[in-house]
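One structure is given here, and the rest of the page talks about it.
The values are calculated or read from the model by the stated rules, or taken from the named source; none is laboratory data. Quick caveat: nothing in here was measured; it's all calculated off a predicted structure. So basically every Cβ, Gly included, is an ideal-geometry build from the backbone, and we count neighbours across all protein chains shown.
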Amino acid sequence: MKPLLYSFRRCPFAIRARMAIKVSGVEVDTHEVSLRNKPQSLLDCSPKATVPVVKFPDGRVIEESIEIMQWALSINDPEQWLDTPDGASEEAMALITENDESFKPALDLYKYSVRFPEHPESYYREKAEIFLAQLDLRLSQQHYLMGDHLTLPDMAIFPFIRQFYNVNQDWFRASKYNDLISWLDQRMASKIFNAVMEKKA
């Protein structure tokens with residue numbers, strides 16, 4: 001039996017897990033979850049009930065998207081996503097942590113600003129821009145977030161920058177983050193991303 005991946009097509013956490021699984025070639029069975037009607041099998045194996053989750057035939061469960069990425073890539077990493085520059089692995093993980101713990105909450109406020117009328121949309125966007133500026137600075141000095149080839153931070157962070165972009169594409173295109181825009185366009189045009197975003201029949 002294959003591991004079972006609980007996923008949701010548009011969730012950025014699930015997107016990054018699917019990209020790592022896809023590039024690794026590890027075979028899984030994917031269960032597309034309705035977030036409004038989560039299956040009992042998901043609730044039973046993962047009480048926090050957020051996607052992605054991988055459940056193994058022996059009952060083991062991986063509940064965190066980064067751990068799913070690392071699991072798949074530890075089996076096969078053909079594009080060397082885990083190969084960060086010497087001594088930079090802690091820096092790479094810190095960048096992902098900042099994305100997940102600081103940028104993502106700011107992104108959610110920006111995306112759903114109508115629910116938080118105490119501030120205008122621009123206020124929430126400016127909070128999120130702190131991270132965008134950091135990424136753009138990195139990309140002004142090198143092709144990818146950690147150097148001259150794609151690594152885990154690029155693929156782990158990209159789905160969230162795409163989500164930010166989709167809130168107001170015109171604003172993003174007109175912004176000063178030219179290197180980040182180019183990087184995002186490359187990721188959105190990539191075969192790996194488009195493969196994992198195909199709608200299942």
Q.
All but one of (1) in contact with a helix residue (DSSP H, G or I) (Cβ under 6 Å, 6 or more places away or on another chain); (2) assigned by TED's automatic domain parsing to the domain that holds Arg18 hold for Leu109; state the number of the condition that does not hold.
A. (2)
Q. Looking only at region 15-29, which residues are surrounded by fewer than 22 Cβ atoms within 10 Å (Cβ to Cβ) and in contact (Cβ under 8 Å) with a residue 40 or more places away in the chain?
A. Lys22, Ser24, Gly25, Val26
Q) Restricting attention to region 105-122, does a residue exist that is under 19 Å from Ala17 (Cβ atoms) and either hydrophobic (A, V, I, L, M, F, W, C) or buried (at least 18 other Cβ atoms within 10 Å of the Cβ) (or both)? A) yes
Q) Inside region 174-198, can you point out the residues that are out of contact with any Asp or Glu (no Cβ under 9 Å at 6 or more places or on another chain) and either surrounded by 17 or more Cβ atoms within 10 Å (Cβ to Cβ) or in a helix (DSSP H, G or I) (or both)? A) Ala174, Ser182, Leu184, Asp185, Gln186, Met188, Ala189, Lys191, Phe193, Asn194, Ala195, Val196
Q | Residue list for region 66-88, restricted to those being of a type in the set (S, T, N, Q) and surrounded by 15 or more Cβ atoms within 10 Å (Cβ to Cβ) | A | Gln70, Thr84
(Q) Of everything in region 15-46, what is of a type in the set (Val, Ile, Thr) and within 12 Å of Ile192 (Cα to Cα)? Give them in sequence order. (A) Ile15, Ile21, Val23
Q. Filtering region 71-128 down to residues that are part of a helix (DSSP H, G or I) and among the β-branched types (Val, Ile, Thr), which residue is farthest from Leu152 (Cα to Cα)?
A. Val114
**Q.** Search result, residues across region 40-51 that are touching a residue at least 24 places away in the same chain (Cβ under 8 Å) and in a loop (DSSP other than H, G, I, E, B)
**A.** Ser46, Thr50, Val51
Q. Which residue pairs have Cβ atoms under 6 Å apart, sit 6 or more places apart or on different chains, and have a first residue in region 140-169 that is not assigned by TED's automatic domain parsing to the domain that holds Cys11 and among the small types (Gly, Ala, Ser) and a second that is in a loop (DSSP other than H, G, I, E, B) and surrounded by fewer than 23 Cβ atoms within 10 Å (Cβ to Cβ)?
A. Gly147/Pro85
Q | From the options Ala72, Ala20, Ala14, Ala49, residue that is over 22 Å from Arg162 (Cβ atoms), outside the structural domain of Gly147 (by TED's automatic domain parsing) and either under 14 Å from the mean Cα position of the chain (by Cα) or aliphatic (A, V, I, L, M) (or both) | A | Ala49
Q: Go through region 60-70 and give me each residue that's in contact (Cβ under 8 Å) with a residue 12 or more places away in the chain and not in a helix (DSSP H, G or I).
A: Val61, Glu63
Q: Collect the residues in region 129-151 that are surrounded by 12 or more Cβ atoms within 10 Å (Cβ to Cβ), of a type outside the set (A, V, I, L, M, F, W, C) and in a helix (DSSP H, G or I), keeping them in residue-number order.
A: Glu129, Gln134, Asp136, Arg138
Q) Which condition number does Thr30 fail, the rest of (1) polar (S, T, N, Q); (2) within 16 Å of Lys200 (Cα to Cα); (3) outside any strand (DSSP E or B) being met? A) (3)
